[in-house]
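The values are calculated or read from the model by the stated rules, or taken from the named source; none is laboratory data. Source: prediction; values computed, not measured. Methodologically, a virtual Cβ is constructed for each residue, glycine included, from the backbone with ideal geometry; neighbour enumeration extends over all protein chains shown. The accessibility values were calculated without ligands, DNA or RNA, using every heavy atom of the protein model including side chains. Shrake-Rupley method; radii C 1.70, N 1.55, O 1.52, S 1.80 Å.
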Amino acid sequence: MIKRSVIEGVGSYLPERIVSNAELATRVDTSDEWIVERSGIKQRHMAADGEKTSDLAIAAVKKALDHAGRDGKEIDLFVLATATPDQTFPATAARVQAALGRPGVPSFDVQAVCSGFVYALAVADNFIKAGQAKTAVVIGAETFSRILDWNDRTTCVLFGDGAGAVVLGAAEGQGTAADRGVLSTHLHSDGRHHDMLYVDGGPSATQTTGYLRMKGKEVFRHAVVNLAEAVNEALGANAITIDQIDWLVPHQANKRILDSTAHKLGLDPARVIVTVDQHANTSAASIPLALAVGVEDGRIKKGDLVILEAMGGGFTWGSALVRM
Ligand code: ACO
């Protein structure tokens with residue numbers, strides 16, 4: 001029997017305030033038409049003044065625990081993916097751990113920008129496989145609105161705030177693709193591209209928080225290639241074909257990237273969970289947010305084979321194959 005981690009529950013939280021493209025067009029020189037055509041984004045949620053990444057994360061974790069039928073006291077590992085922590089330190093995960101009333105168990109943040117959730121899932125999955133944790137929460141939470149340059153129309157229209165979380169439990173199976181659980185994770189990075197997508201501040205470099213900067217066209221080009229490769233790597237490692245995948249739950253950066261990736265993979269676009277139109281790009285939060293949407297509206301069912309994939313600053317990219 002092989003030990004593996006199983007997704008027992010999912011939950012998400014979006015700040016109350018919705019900002020439409022039309023509202024953005026009153027702040028920057030843009031239009032609903034341009035944003036929808038280039039990115040597929042129609043609106044995004046934005047955290048209120050004083051609402052922190054940890055607040056979003058805590059709300060999402062509580063919903064995931066409810067969905068899993070678990071109590072916070074059962075969690076023995078907190079892994080939180082974010083590029084927009086409350087503070088440089090302590091880890092935002094530690095705030096979540098404290099709010100859930102679990103002093104003593106490990107909690108830490110993972111920084112892989114938009115690939116953060118896939119990275120965090122891989123870390124928690126390996127803790128469970130190694131027997132170092134029995135029940136973990138894996139969180140993606142971001143307040144990207146705090147690092148947007150509202151004078152740069154090429155980036156500020158593309159991002160939003162939100163959080164999503166999953167509860168991972170330990171189970172034993174035969175180690176086949178028929179078992180529920182995280183079947184594989186594959187992670188990659190290439191730091192030679194660090195200046196394609198980055199924040200121009202930081203405690204060591206500038207002693208400022210800084211703003212997001214992006215070479216959009218280059219990122220787009222790399223994204224389509226890397227994402228399709230990450231999915232094919234997972235399929236190959238599990239000896240399955242794309243036809244066996246029930247749902248692709250991609251990082252939600254841009255509808256055109258989602259369409260191009262699905263096309264490259266030969267995947268029916270109807271089997272892609274799309275939330276970028278409603279949430280915009282929420283970085284590490286986008287995959288668990290999309291997963292929660294798919295589960296809540298009944299499309300993703302227990303036993304479905306789901307592939308998660310993401311690409312972000314670094315560059316970082318990767319995939320996870322999960323039997324729900
Ligand atoms: N409103 C109106 N016009 C705009 C805007 C805007 N918000 N932004 C740019 N423009 C203009 C440009 O100035 C340019 O005008 P010009 O032709 O007169 O110079 C024109 O629109 C075209 O600009 P491009 O940059 O060529 O537009 P493109 O089709 O490449 O789309 C975009 C830009 C949406 C950023 C695209 O490149 C993209 O999606 N890239 C990937 C970005 C991404 O997904 N990043 C995140 C992935 S990783 C992560 O999530 C952290």
(request) Give me the compactness ratio for the chain, meaning the Cα radius of gyration over 2.2 N^0.38 Å. (result) 0.93
(request) Starting from one equal scatterer on each C-alpha and no solvent at all, send me the Debye-based log10 I(q)/I(0) for region 104-164 at q = 0.23 Å⁻¹, two decimals. (result) -0.96
(request) Extending each Cα 7 Å along its Cβ direction at VAL225 and ASP152, get the distance between those two points in nm, one decimal. (result) 2.3
(request) Please give the length that would be gained between PHE89 and PHE108 if that part of the chain were fully extended, namely 0.36 nm times their separation in residues minus their C-alpha to C-alpha distance (nm, one decimal). (result) 5.8 nm
(request) Mind checking the full-extension length gain between ALA177 and GLN207? Use 0.36 nm per residue of separation minus the Cα-Cα distance, one decimal, nm. (result) 6.0 nm
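Of the beta bridges DSSP finds with both residues in the chain, what % are antiparallel, to the nearest 5?
Numbers: 44 of 59 bridges.
That works out to approximately 75 percent antiparallel.
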(message) For region 181-323, report the % of Cα-Cα distances exceeding 18 Å.
(response) 56
(message) Given a 10 angstrom Cα cut-off, can you work out which residue in ASP268, ASP49, ASP190 is the most mobile in a GNM of the chain?
(response) ASP49
(request) Find the percent of Cα-Cα distances in region 263-324 that exceed 12 Å, and round it to a whole number. (result) 73
(request) Starting from the Cα-Cα distance between GLN132 and ALA237, subtract it from 0.36 nm times their residue separation and give me the gain in nm to one decimal. (result) 35.3 nm
(request) Could you tell me which helices of the chain pass both thresholds, a Cα extent of 30 Å or more along their own axis and a mean Kyte-Doolittle hydropathy of at least -0.5, with helices taken as whole DSSP H runs? (result) 216-237
(request) Can you spot the lysines whose alpha carbon is less than 18 Å from LYS255's alpha carbon? Ignore those fewer than 8 places along the same chain. (result) LYS42, LYS215, LYS217, LYS264
(request) Could you state the orientation-averaged shadow area of the convex hull built on the Cα atoms of region 58-146, in nm² to one decimal? (result) 5.6
(message) Could you tell me the extents of region 2-173's C-alpha atoms along the three principal axes, largest first, rounded to whole Å?
(response) 54, 32, 26
(message) Pairs of alpha-carbon atoms within less than 8 angstrom and 6+ residues apart define the contacts here; what relative contact order does the chain have, in percent?
(response) 26
(message) With a 1.4 Å probe and all protein chains left in place, how much of the accessible area of the chain comes from carbon and sulfur atoms, in whole percent?
(response) 51
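Tell me, what is the FRET efficiency for ILE18 and ASP66 to the nearest 0.05, using R0 = 25 angstrom and their Cβ-Cβ distance as r?
0.55
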(request) Starting from the Cα of LYS3, step 7 Å toward the Cβ, then list every residue of region 63-93 with an amide N under 19 Å from that point. (result) 74-79
(request) Can you tell me the dipole magnitude for region 2-173 around its Cα centre, using point charges on the Cβ only (Lys, Arg +1; Asp, Glu -1), in Debye to the nearest 20? (result) 540
(request) State in Å² the accessible area per residue of the chain; use a 1.4 Å probe, count heavy atoms of protein chains only, and round to the nearest integer. (result) 41
(message) At 1.4 Å probe size, put HIS194, HIS279, HIS222, HIS263 in order of accessible surface, largest to smallest.
(response) HIS263, HIS194, HIS222, HIS279
